[in-house]
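We did not get these values from a lab; they are worked out from the coordinates using the rules stated. If you're wondering where the values come from, they're calculated on a predicted model, not measured in any experiment. Please note: Cβ atoms are built from the backbone with ideal geometry, for glycine as well, and neighbour counts cover all protein chains shown.
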Amino acid sequence: MRHRGTQAEKERRIRSRMRFLLKSKGMLRGSLLTLETKCGKPGCRCERGEKHRLVVIEQSRRGKTRMRTVPAGLKREVEEWVRNYQEFRELLEALSELNWEKLEERKREK
């Protein structure tokens, strides 16, 4: 059985980190991908095998996949948004697990 004080402290840490992430610059659900493409222009380097690299964010929504190009100047920021979203989701799952454990403890106490 877990000690309630430890559980409460863990919950406080989780909630604190969640608040921090909510106040951060942003969160974005999705995956960053690097695509290599050919443009089709005559004489372009991509004709010789040096394909153009394009960074995109991919996201599923309502059963459909959508993509947006990420400008080079925003790549690091978008990477941070994606990491923030992933961390927030993990924290939410951890909080849910703590609450599940609370229910289990109450069941045992009866």
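List of remarks:
- Here the simple spin-label model places points 7 Å from the Cα toward Cβ, and for LYS25 and GLU80 these points are separated by 0.3 nm.
- Taking 0.36 nm per residue of separation and subtracting the Cα-Cα distance, full extension of the segment from GLU9 to CYS46 would add 7.7 nm.
- J(HN,Hα) series, the stretch 47-55, from Karplus relation 6.51 cos²θ - 1.76 cosθ + 1.60, nearest Hz, glycine and proline x: 5, 8, x, 8, 6, 6, 9, 9, 9
- Calculated [θ] (222 nm, deg cm²/dmol) that DSSP helices of n ≥ 4 give over the chain, each run adding -39,500 (n - 2.57): -18000 deg cm²/dmol
- Projecting label points 7 angstrom from Cα along Cα→Cβ for LYS102 and ARG68 puts them 3.5 nm apart.
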